[in-house]
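Asks: Here's a structure for you.
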Amino acid sequence: MAELSPALAAALRGERPLLFGMVEINLPNYDLFLLDGSGQVMVGNRLFVGRDETYGVLDSIKGLGDAVGDKSKAVTISLLPSTTAALADFVQPTVQGSQVTVSMGALDIATGLCIGTYTLQSGQLDVPIIKWGKGNRRLEYSVTGVGERMFQTEEGKRLSDSWHQSVFPGETGLSLVTDVETYVPWGQKLDLTAVETRTDMPSMGQITYKRT
């Protein structure tokens, strides 16, 4: 637990640590600071509350833990929007990708002041799901880590002038490149029965193979 502050580590070693969870969501035009229960806690210069007058309350946090293999660490936060307008704001396309920080902390029982906090997950809002029930309206949002971008297949990218200029407008380095071909995966034999041009190795420039 070397990543914990000394004060928080000491509090967690105590007999009855007073713990709390909190979620910070940086929406495009609003910073939302929610606790996992009622009341309010001042953390630095940010006031975390059990109920936000505009966007409602935090219902649950699920999926906290480590990820291994080809999966990115992700959690699901459940919110209870206070109004239909708040729900509509949450599912706007511009909200996707908003920064989210899920943390835990401890309070001093005598003073009610925050002793310290520890970040459990830092990621981005991904996919919203609205769940309706009897007398219940819940919004679930998956929060993916920044490592999720590493798993994108990028199938639409290709070595062509049109794609290159869509990323770097006005850069015409590929405007005169012709005969761009796609080859078999690494480790399989190339057909060298004729002259072939490879342009899939940008660092080495254009390479021409000719069987002799």
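The values are calculated or read from the model by the stated rules, or taken from the named source; none is laboratory data. Bear in mind that the values here come from a model prediction, so they are computed numbers and not experimental data. Counting neighbours? That spans all protein chains shown, and the Cβs are built from the backbone with ideal geometry, glycine included.
Asks: Just for region 102-118: of the residues that are modelled with pLDDT under 90 and of a type in the set (Val, Ile, Thr), which one is surrounded by the most Cβ atoms within 10 Å (Cβ to Cβ)?
Replies: By that ranking, first place goes to Ile109.
Asks: Collect the residues in region 101-133 that are within 21 Å of Leu8 (Cβ to Cβ), of a type in the set (Val, Ile, Thr) and in a strand (DSSP E or B), keeping them in residue-number order. Walk me through it before giving the result.
Replies: Going through region 101-133, the residues within 21 Å of Leu8 (Cβ to Cβ) turn out to be 101-122.
Checking the rest, the ones that are also of a type in the set (Val, Ile, Thr) come to 101-102, 109, 111, 115, 117, 119.
Correct list: Thr101, Val102, Ile115, Thr117, Thr119.
Asks: Take region 78-100 and flag every residue that is under 16 Å from Asp59 (Cβ atoms) and either part of a strand (DSSP E or B) or not aliphatic (A, V, I, L, M) (or both).
Replies: Ser78, Leu79, Leu80, Pro81, Ser82, Thr83, Phe90, Val100
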